[in-house]
Amino acid sequence: MQQLKRGVVVALAAAGLLSACGGGGGGSDSGSTPTPTPSPSVKTLSGTAATGAPIVGTLTIKDATGKLKDVVIAADGSYNIDVSDMTAPLILRAKGTVAGRTVTLYSAAMSADLNKTVNVTPFTDLILANVAGGLAEALFNGAGSKKLTDADLARQQQILRDRLLPVLKKLGLADSIDLLHTVFKADKTGLDAALDILKVDIDPDTLVATIRNTLTGDTVKDDVSSQTDTGALPEPLGDLTQSQKDLVELQAAFKNYVALFNQGDTPSVREQLAALIADDYLDNGDRKQDVLNALAKGDQLGANFDLLSVDVAKAKYCFRYSIDDHKSTEPGSNSNCALKALDGKWRLAGNGRLVEISVGSFAYWFPARNTVSNGVSVGIRDAHNLARYAVATGPGFPDGGVALVNNAPSNDWYKFENQAYGYDILDSGFGLDLGKVVKGGVYTVTLYAEKGAPQPLAVYQEKLDVAPLPDDIVKLIPALRFPSITSPKSVSDVSGASFTLSWTLPSRSKTRWAQVLAGMEDFYVFYGDEGRTVTSKRFDRVSAKPVMTGTAWVQVVDKDGRHFGTTQELTGGAVNNQLSRSAKPAGVLAVGANRAAP
């Protein structure tokens, strides 16, 4: 799901782009030119690990005996590794990030592939999944490489090539292109352009992959557990070479922009950026001046982007990129859109939305109350108070939808109407039919200037990436899924010069953020959208005054992307109202918005 962030303006600035640099960008050879052969006594593998942008991370190889060896993937996505002491067949795993999002992809090499090129891409991962009849990781985690044959790989590659061929041909690629072994660079040309335009998403529950053409919206399904489905993508109308040229220009412009942005806030940078942002820029309510003002935050941006969607008629490209927020301990990601103007220059345009919206699967545990709330959160951030009222509808929501309001001018975030601030999860207690909530369900948010307004200001839709677990599973033993806060327990624990927040981490989960509100002091740390396996954080206080009230929060994300948060009221102080006035609404917690203490 799309992640909301307090530092969104900063991240959005990344898409303000310099003028197009022509059709350059370092073309690549998409033929099957072999990698130069090393000495016969040395056996190597080399290739590119990319999704349309380079994978930043590590390549691990597992051989037929179970032996492992790894190498750091270069910044351009290339790798080279000595496998002289390994026994084929080999399974390759590329694990890391692309544009700030975690990815894990697989590929394979047979004996005949040694001293040649073997790539790791979404295409190779899908080929291996079809060989496995399930997720490709099963081959890596088990003794799967022993079952690999040249014939199986060749057959599944041919089936996938046939599925993609109507688009590959329009991109100028050969009918016989080798999706496993073709030499290419992650530079938006050749095979890399196909990887950018054709997105692969495998549902781990149904084992059905969806291949989507981002230029046209066309899709084709591939049931990896079936050996009989052979459907292909429709042939796009018109020539795709212009879109390929646009990608090259956009990448070159983006890299130039990032180099400029990362210099920091100076009059010269502001002046140059102003020329690269459309005057009518609008992104989640933020305007052109907001982007310029965000320079002062000091964040750093990644130079590569991953394509999300394209409006070919408007030459509007939306993409994801990485952001290293200086207030966070891990890089994250954000997205924006750019338009190619009539003068041939790329300018930051924004997504055209008045507010920022995300829908998430979220559960919250209050140990002191012995209660659990489990359901769906709707996060709406209106940084400029452009609207005051919204109605959300979708699978499992009550007939007529649910209302959300923002009546506090100093607050950016909406809450469900008639619910306590900080407790804006829609669960069964507030009319949610959890049995109707499904993965991929589409939720519609209708925005109004105020309650009772006759006409809406805008209508937006968001997709739920993962459905909540059933109530009985979540509530049976909360400690199995929620973090347990072990310290602090009382206000005296946070009254000294410093204190440590500690918690237990549930199995197969990672910590996303942790927070303590100690009196009027707010301590907060964000560990990135993907989370980290940390279980404690030390905070230093500014004030020396004794703390009278306190509350601690920790949120984790499980392997499927569901969010589980725990609230613990600190004992021994005055009557604590902080549970109902948490600095972060639950919807924010579900989608990970505020990265710094408000």
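The values are calculated or read from the model by the stated rules, or taken from the named source; none is laboratory data. Since the structure is predicted, the reported quantities are computational estimates derived from the model, not experimental observations. Cβ: placed from backbone, ideal geometry, glycine included. Neighbour counts: every protein chain shown. All accessible areas refer to the heavy atoms of the entire protein, side chains included, with ligands and DNA or RNA removed. Shrake-Rupley method; radii C 1.70, N 1.55, O 1.52, S 1.80 Å.
Between residues in segment 413-426 that are open to solvent by less than 10 Å² (accessible area, probe 1.4 Å) and residues that are modelled with pLDDT under 90 and among the hydrophobic types (A, V, I, L, M, F, W, C), which pairs lie under 6 Å by C-beta distance while being six or more apart or on different chains?
Listed pairs, sorted by first residue: Asp424/Phe416; Asp424/Ala586; Ile425/Ala586.
Filter segment 95-122 down to residues that are more than 21 Å from Val71 (Cβ to Cβ) and either out of contact with any Phe, Trp or Tyr (no Cβ under 6 Å at 6 or more places or on another chain) or modelled with pLDDT of 95 or more (or both), then give me how many there are.
Going residue by residue through segment 95-122, those that are more than 21 Å from Val71 (Cβ to Cβ) are 99-101, 112.
When the remaining residues are screened for being either out of contact with any Phe, Trp or Tyr (no Cβ under 6 Å at 6 or more places or on another chain) or modelled with pLDDT of 95 or more (or both), the result is 100-101, 112.
Count: 3.
Quick one: which helices (runs of 4 or more DSSP H) sit completely within segment 237-306 and have at least 3 residues that are more than 14 Å from Arg347 (Cα to Cα) and open to solvent by less than 30 Å² (accessible area, probe 1.4 Å)?
Because the criterion is at least 3 residues that are more than 14 Å from Arg347 (Cα to Cα) and open to solvent by less than 30 Å² (accessible area, probe 1.4 Å), the helices (runs of 4 or more DSSP H) in segment 237-306 that meet it are 241-261.
Somewhere in segment 118-141, is a residue surrounded by fewer than 21 Cβ atoms within 10 Å (Cβ to Cβ), in a helix (DSSP H, G or I) and charged (D, E, K, R)?
yes
Looking only at segment 184-217, which residues are surrounded by fewer than 16 Cβ atoms within 10 Å (Cβ to Cβ) and either in a loop (DSSP other than H, G, I, E, B) or touching a Leu at 6+ places or on another chain (Cβ under 7 Å) (or both)?
Selection gives Pro204, Asp205, Thr206, Gly217.
Name the residue that is most open to solvent (accessible area, probe 1.4 Å), counting only residues in segment 218-236 that are small (Gly, Ala, Ser) and closer than 15 Å to Leu165 by Cα.
Ala232
Residue-wise test of (1) assigned to a loop (DSSP other than H, G, I, E, B); (2) farther than 20 Å from Val291 by Cβ.
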{"site": "Asn336", "(1), (2)": "no, no"}
{"site": "Arg347", "(1), (2)": "no, no"}
{"site": "Ser358", "(1), (2)": "no, yes"}
{"site": "Asn374", "(1), (2)": "no, yes"}
{"site": "Val391", "(1), (2)": "no, yes"}
{"site": "Asp399", "(1), (2)": "yes, yes"}
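Determine which single condition Leu404 fails, assuming it passes every other condition in (1) under 27 Å from the mean Cα position of the chain (by Cα); (2) aliphatic (A, V, I, L, M); (3) surrounded by fewer than 20 Cβ atoms within 10 Å (Cβ to Cβ); (4) closer than 30 Å to Arg287 by Cα.
The failed condition is (3).
Output the residues belonging to segment 152-165 that are open to solvent by 30 Å² or more (accessible area, probe 1.4 Å) and either at pLDDT below 95 or not hydrophobic (A, V, I, L, M, F, W, C) (or both).
Those that are open to solvent by 30 Å² or more (accessible area, probe 1.4 Å) and either at pLDDT below 95 or not hydrophobic (A, V, I, L, M, F, W, C) (or both): Asp152, Arg155, Gln158, Asp162.
Given the residues Ser502, Ser509, Ser484, which is the only one that is under 30 Å from the mean Cα position of the chain (by Cα), hydroxyl-bearing (Ser, Thr, Tyr), at pLDDT 90 or above and within 14 Å of Gly531 (Cα to Cα)?
Result: Ser509 is the single residue among Ser502, Ser509, Ser484 that is under 30 Å from the mean Cα position of the chain (by Cα), hydroxyl-bearing (Ser, Thr, Tyr), at pLDDT 90 or above and within 14 Å of Gly531 (Cα to Cα).
Identify all residues within segment 459-479 that are of a type in the set (A, V, I, L, M), open to solvent by 60 Å² or more (accessible area, probe 1.4 Å) and over 25 Å from the mean Cα position of the chain (by Cα); write none if there are none. It would help to see each step written out before you state the result.
Let us first name the residues in segment 459-479 that are of a type in the set (A, V, I, L, M), namely 459, 464, 466-467, 469, 473-474, 476-477, 479.
Add one more test, that the residue is open to solvent by 60 Å² or more (accessible area, probe 1.4 Å), and what stays is 459, 473, 476-477.
The answer is Ile473, Leu476, Ile477.
Return only the number of the condition from (1) modelled with pLDDT under 95; (2) under 15 Å from Ile127 (Cα atoms); (3) of a type outside the set (Phe, Trp, Tyr) that Leu179 does not satisfy.
For Leu179, the exception is condition (1).
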